[in-house]
Structures are given as C-alpha cells and as structure tokens.
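Report on the structure given below.
The values are calculated or read from the model by the stated rules, or taken from the named source; none is laboratory data. Quantities reported herein were computed from a predicted structural model and do not represent experimental measurements. Cβ placement follows ideal geometry from the backbone for every residue including glycine, while neighbour counts extend to all protein chains displayed. The accessibility values were calculated without ligands, DNA or RNA, using every heavy atom of the protein model including side chains. Shrake-Rupley method; radii C 1.70, N 1.55, O 1.52, S 1.80 Å.
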Amino acid sequence: MSWEWFHRLGSPRWFYEKTTAWLPWLGATCVVMLVGGAIWGLGFTPEDAKQGNSFRIIYVHVPSSILAMAGYYVMAIAGAIGLIWKMKLSFVVMRSAATIGAGLTFLSLFTGAVWGMPTWGTWWEWDARIMFTFILLLLYLGIIVLHEANPSKDAADKVCAILALVGTVNVPIIYKSVDWWYSLHQPATIKVTDESTIAASMAYPLIVMIVAYYLTYSWALILHVRAEILLRERKTRWVQDLVAEK
C-alpha cells in the first residue's frame with residue numbers, strides 16, 4: 001500500500017490535483033505565523049544587553065539560514081529519488097527547490113551583512129561560515145544555470161541531480177564551521193542536546209519564525225512545482241483541458 005502511494009505521489013498530474021486544496025489553508029497559516037512571529041520578535045522582545053535592537057534581525061536571518069541548508073537536502077534527496085526511481089516529479093521538485101534555496105541563501109548572506117556591520121564593524125568578512133554559505137549559493141546557482149543551459153531536460157535533470165548530491169558535503173561544513181575554525185560568527189544559540197544560550201523571551205518568537213519559514217518554504221515549493229509541472233506537461237491532454245477550463 002505504501003509503495004502504491006509512493007508511486008502515485010510521483011505522478012505530476014496527481015500531485016497537481018491533490019495540492020490544489022492544500023494551498024489556501026497552507027498559505028493562510030504561513031501569513032498568520034509570519035506576521036505573528038515578526039510582530040512578537042520585532043516589537044515585544046527586550047533589547048539584547050550587548051547588541052541592542054540590532055539583534056532583532058535574527059528573526060529573519062536565522063530562519064532563512066536554516067531553510068537554505070535544509071532546502072539543499074530537499075533538493076539533493078529529490079534528485080537522488082529521480083536518479084534511482086526515474087520519477088519525473090522528483091526532478092521537478094529538485095529544480096524548484098534550487099530557485100527557492102538560492103533566494104533563501106542570498107537573504108541569509110544579505111541579512112548577515114546587515115547584522116555584521118553594527119556587530120563586527122564590517123559588512124563582509126571571509127569568515128568560515130560566510131565563505132561556505134557563499135559556496136552554497138554558488139551550488140544553487142550552478143544547478144539553475146546548468147538546467148537552463150542544457151537543451152535536453154532529461155540530461156539536465158541527471159547532471160543537476162549528481163551535482164546536488166556532491167554538494168551535500170558543504171551543508172554539515174557550514175553547520176560545524178563555527179566549531180571547527182576560529183570564526184567571527186557566533187555559535188548556535190538554540191541547541192537540542194546542550195543548554196541554549198538565548199533567553200526564553202527571545203527564543204520563543206524565533207522558534208515561531210523558524211516554523212513559519214518551514215511552512216512558507218513548503219508553500220512556495222508546492223507553488224513552484226505546480227508551475228513547473230504545467231510548463232513541462234503543457235503538451236499533455238490533461239494540462240490542455242485544464243487551460244481550456246480556465
């Protein structure tokens with residue numbers, strides 16, 4: 001039964017039809033959590049003792065950084081599924097995740113630079129975490145460019161999937177870089193196994209924002225996948241019928 005569901009999920013048409021009903025509810029949840037978390041974090045948390053109000057950028061910087069790394073695994077796993085089981089939808093997810101991941105990585109680097117100026121006195125420093133996050137952005141962009149440059153979509157899917165899998169080694173390096181090398185970047189403040197170094201009044205809205213970003217990532221990925229499905233399946237009867245209905 002589970003394998004039947006797995007293969008059904010690999011059908012572009014089934015995915016498109018099933019997700020139609022999800023989008024309004026998922027989108028509304030994203031808006032509520034993003035707005036609520038932002039108001040809570042930006043407007044009601046106390047000032048940081050050392051950084052003042054500049055610390056509040058964590059409510060954008062930290063979630064975007066987390067999703068930039070987690071999204072890379074989504075992209076790589078989708079590529080691996082496409083290579084192993086030859087599922088067309090997996091390659092669509094991989095390509096869609098690359099675009100969203102590149103945007104999140106850029107947002108992470110940009111907000112990090114804005115945060116770095118008042119905190120470190122510089123917009124940019126070839127710090128270990130910043131350098132490997134920049135490599136992450138290049139990996140995302142490389143997959144996008146490779147996919148668009150190759151006239152054969154099938155060949156492009158396979159090459160991009162291999163590159164995505166090779167690039168997964170960069171993600172744990174980003175995460176552990178502050179522990180392995182001297183770094184201007186502060187260590188993780190929210191920890192699962194050890195005691196967190198952030199006050200609860202600051203941590204709770206940050207957790208809300210992280211969850212909100214995960215939901216928003218899912219919503220954006222579904223939207224992007226649906227658009228890519230229509231583009232790739234535009235010559236099929238079901239898409240032509242769908243367009244005719246609208």
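Structural remarks
- Here the contact order of the chain, divided by its residue count and restricted to Cα pairs under 8 Å and six or more residues apart, works out to 29 percent.
- The residues of the chain expose on average 55 square angstrom of accessible surface per residue, using a 1.4 Å probe on protein heavy atoms.
- Per the Debye calculation on segment 1-115 with a single equal scatterer at every Cα and no solvent contribution, log₁₀ I(q)/I(0) for q = 0.14, 0.15, 0.20 Å⁻¹ amounts to -0.77, -0.84, -1.14.
- Sequence of ILE162, ILE58, ILE66 when ordered by accessible area, the most exposed leading, probe 1.4 angstrom: ILE162, ILE66, ILE58
- The slack between TYR175 and TYR73, meaning 0.36 nm per residue of separation minus the straight C-alpha distance, is 35.4 nm.
- Largest accessible area first, the listed residues LYS235, LYS18, LYS50 line up as LYS50, LYS235, LYS18 when surface is computed with a 1.4 Å probe on the assembled protein chains.
- Heavy-atom accessible surface of the chain: percent carbon and sulfur, 1.4 Å: 69 percent
- Ordered from highest to lowest accessible area with the whole protein assembly present and a 1.4 Å probe, ARG8, ARG234 read as ARG234, ARG8.
- Peptides 39-45, 112-118 ranked from most to least packed give 112-118, 39-45, packing being the mean of other C-beta atoms within 10 angstrom over each peptide's residues.
- Residues listed by number, segment 79-108, amide nitrogen under 16 Å from LEU141 label point at 7 Å toward C-beta: 98-108
- Rg/Rh (Cα only; Kirkwood hydrodynamic radius) as it applies to the chain: 1.01
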